[in-house]
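Read through the structure below, which is laid out as structure tokens, and then see the notes.
Readers should treat all values here as calculations from the given coordinates under stated rules, not as data from a laboratory. Remember, it's a predicted structure, so these values are computed and weren't measured experimentally. When we count neighbours, we look across all protein chains shown, and the Cβ atoms used for this are built from the backbone with ideal geometry, even at glycine.
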Amino acid sequence: MQANAMQAVQPDKRYTYADLEKWTGDERYELIDGVPYMMAAPSRVHQEISGELFRQLANFLLGKPCKVYAAPFDVRLNAHDKDDRVVQPDIVVVCDRSKLNEKGCVGAPDLVVEILSPTTQGRDRLLKFNKYFEAGVREYWIVDPEDKYVTVHVLTDDHYSTRAYDSTDSIPSTVLDGFSVQLSEIFNY
């Protein structure tokens, strides 16, 4: 594919990570079941939220086995099968280092954070929600900057249990024992 990969995308074709690696240009894409989705540049508020969450997670994880990564960071949810689900969550925490390679994460991260934007909220709330569940992501946070709340989905047995937190709450992580975030610090813009 040339500089603009979308010009060459065929509507009935499904793509894999191997295809994605060949695409050139400045655009970033995610693949969900082989369908490419171009990613827009994040807003200033999005970056403030992402930066503060990343800072708190990185400080907490200092000297611990889990690692935190910020986008752009490829997460190949079904790499050992079709390898057609490649996402770039805003923040991921990976505790099993055998899932890490030089390009990103191969398999399900332990914690995923997606910060909603007008162009991604449907994909984050529905499509990616299902793919994260199927892959076995243990904790999935959806941050809504506009309404200043966070929905946390925790994998239990065969479903996600869900709880919503508003800007006055503190969110404890079930994956990272002892970690919590005071949302007034996140929604401080």
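With a cap of 11 neighbouring Cβ atoms within 10 Å, and only residues DSSP puts in a loop, list the GluC sites (Glu not before Pro) found in region 118-173. Let's see the in-between values first.
Values: sites: GLU134, GLU139, GLU146; in loops: GLU146.
Here the sparse-neighbourhood loop sites are GLU146.
Taking every pair of alpha-carbon atoms in the chain, what share in percent sits in each 5 Å bin, from 0 to the bin with the longest distance?
Per 5 Å bin, starting at zero, the Cα-Cα P(r) for the chain comes out as 1, 7, 17, 20, 21, 16, 10, 5, 2, 0 percent.
At q = 0.20 Å⁻¹, what base-10 log of I(q)/I(0) does the Debye formula yield for region 78-189 when every alpha carbon is treated as an equal point scatterer in vacuo?
For the requested q values the scattering log ratios are -1.15.
Ordered by packing density, taken as the mean number of other Cβ atoms within 10 Å over each peptide's residues, highest first, how do 105-114, 25-34 rank? Show your work: numbers first, answer last.
Numbers: 105-114: 24.1, 25-34: 15.6.
The packing order, highest mean first, is 105-114, 25-34.
Helix-derived [θ] at 222 nm for the chain: sum -39500 (n - 2.57) over DSSP H runs of at least 4, divide by residue count, nearest 500?
Working: 5 runs with 40 residues, N = 189.
When only DSSP H runs of four or more count, the value is -5500 deg cm²/dmol.
Tell me the relative contact order for region 58-152 as a rounded percent, counting alpha carbon contacts under 8 Å between residues six or more apart.
Working: 165 pairs, mean separation 21.4, N = 95.
Here the relative contact order equals 23 percent.
Determine, for each peptide in 64-77, 43-56, the mean count of other beta carbons within 10 angstrom over its residues, then list the peptides with the highest first.
On the way: 64-77: 19.1, 43-56: 16.2.
Per-residue Cβ counts within 10 Å, averaged per peptide and sorted highest first, yield 64-77, 43-56.
Under 17 Å Cα-Cα from LYS64, which aspartates and glutamates qualify once same-chain neighbours fewer than 8 residues away are excluded?
Partners found: ASP96, ASP110, ASP177.
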